[in-house]
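The values are calculated or read from the model by the stated rules, or taken from the named source; none is laboratory data. Everything quoted here is computed from the prediction, not taken from an experiment. All Cβ positions, even for glycine, are placed from backbone atoms using ideal geometry, and neighbour counts span all protein chains on display. Calculation scope for accessible area: heavy atoms of the full protein, side chains included, ligands and nucleic acids excluded. Shrake-Rupley method; radii C 1.70, N 1.55, O 1.52, S 1.80 Å.
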Amino acid sequence: ETAVFQTPNYHVTQVGNEVSFNCKQTLGHDTMYWYKQDSKKLLKIMFSYNNKQLIVNETVPRRFSPQSSDKAHLNLRIKSVEPEDSAVYLCASSYSGTGGAQDTQYFGPGTRLLVL
Amino acid sequence: AQKVTQTQTSISVMEKTTVTMDCVYETQDSSYFLFWYKQTASGEIVFLIRQDSYKKENATVGHYSLNFQKPKSSIGLIITATQIEDSAVYFCAMRGFNNYAQGLTFGLGTRVSVFP
């Protein structure tokens, strides 16, 4: 049962364009995340966000920025895409806090980006 | 910084047998959480099972179980009575006790192929 939704599924664009990906969760979680999965299948955290703070992985280029309207939505904008941005971008959500099953992260289906 | 290592790139097994996957991790945290996810052919990432480091008993969910060896920093995944639909890439992941906002650190995954 899908509870983390992402759009679009797939996007093709050209170098220098701006793109935006959407993520919505219906689990009532208070924290959302963006991960990047590269061609070698490595998953790396890019951002985490709840209503208290935004945590940015220091290796993420400044052209990437998360945008949130409420705790159920966290979009990802890439201001000027580059070829190395081609990857799958996965959104996830969880409760904040520590311990117990509630802070397990659940993932969306991903958005595959191809930069030509 | 945390590190997760999965040394087995791929494993092939016959249906209805048991498969075991290895995962070792590195962390400075005294308490932490360990997770296993699987990524299906469609790209969907599904949470399977977790182990909280302060719990001595190995976690079990359905036909998934864990072999947690804390002194060796090891968390193996065991799948019994494998089915064709267990064919997927399995990821080991972790995070520190207080670091939910830092996201998960993932290994590179182990591809499991189940044959009839």
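Residues in the stretch A:1-22 that are in a strand (DSSP E or B) and either of a type in the set (S, T, N, Q) or under 19 Å from B:GLN102 (Cα atoms) (or both): 5 in all.
For the stretch B:31-57, give me each residue that is farther than 30 Å from A:CYS91 by Cβ and open to solvent by less than 10 Å² (accessible area, probe 1.4 Å).
Restricting attention to the stretch B:31-57, the residues satisfying the condition of being farther than 30 Å from A:CYS91 by Cβ are B:56-57.
Listed by number, the list is empty, since nothing qualifies.
Would you say A:ARG63 is out of contact with any Pro (no Cβ under 6 Å at 6 or more places or on another chain) and open to solvent by less than 60 Å² (accessible area, probe 1.4 Å)? Yes; evaluated as a whole, the condition is true for this residue.
Inspect all residues belonging to the stretch B:83-91 and state whether any of them is at pLDDT below 95, in a loop (DSSP other than H, G, I, E, B) and of a type outside the set (Gly, Ala, Ser).
No, the stretch B:83-91 has no match at all.
Just a yes or no: is a residue in the stretch B:31-38 out of contact with any Pro (no Cβ under 9 Å at 6 or more places or on another chain) and outside any strand (DSSP E or B)? Scanning the stretch B:31-38, I find at least one residue that is out of contact with any Pro (no Cβ under 9 Å at 6 or more places or on another chain) and outside any strand (DSSP E or B), so the answer is yes.
For A:LYS71, are the conditions met, namely being at the interface with chain B (Cβ under 10 Å from one of its Cβ atoms) and open to solvent by 80 Å² or more (accessible area, probe 1.4 Å)? Against the criterion (at the interface with chain B (Cβ under 10 Å from one of its Cβ atoms) and open to solvent by 80 Å² or more (accessible area, probe 1.4 Å)), A:LYS71 does not qualify.
Residues are listed down the side, and each one gets a yes or a no for (1) β-branched (Val, Ile, Thr); (2) within 12 Å of chain A (Cβ to nearest Cβ):
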| site | (1), (2) |
| --- | --- |
| B:GLU15 | no, no |
| B:TYR32 | no, yes |
| B:THR40 | yes, yes |
| B:LEU66 | no, no |
| B:SER74 | no, no |
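Scanning the stretch B:76-100 for residues that are closer than 25 Å to A:THR59 by Cβ and open to solvent by 10 Å² or more (accessible area, probe 1.4 Å) returns B:VAL89, B:PHE97, B:ASN98, B:ASN99, B:TYR100. Of the residues B:THR110, B:THR60, B:THR105, the single one that is exposed (fewer than 14 other Cβ atoms within 10 Å of the Cβ) and within 13 Å of the chain's Cα centre (by Cα) is B:THR60.
Of all residues in the stretch A:74-86, exactly one satisfies the criterion of being at pLDDT 95 or above and either under 30 Å from B:VAL61 (Cβ atoms) or in contact with a helix residue (DSSP H, G or I) (Cβ under 9 Å, 6 or more places away or on another chain) (or both), namely A:ILE78. Is it true that some residue in the stretch A:36-57 is facing another protein chain (nearest Cβ under 10 Å), surrounded by 12 or more Cβ atoms within 10 Å (Cβ to Cβ), assigned to a strand (DSSP E or B) and touching a residue at least 60 places away in the same chain (Cβ under 8 Å)? Yes, some residue in the stretch A:36-57 is facing another protein chain (nearest Cβ under 10 Å), surrounded by 12 or more Cβ atoms within 10 Å (Cβ to Cβ), assigned to a strand (DSSP E or B) and touching a residue at least 60 places away in the same chain (Cβ under 8 Å). In the stretch B:35-50, the residues that are charged (D, E, K, R) reach residues that are open to solvent by 30 Å² or more (accessible area, probe 1.4 Å) and assigned to a strand (DSSP E or B) with C-beta atoms within less than 6 angstrom, at least six apart or across chains, in these pairs: B:LYS38/B:VAL46.
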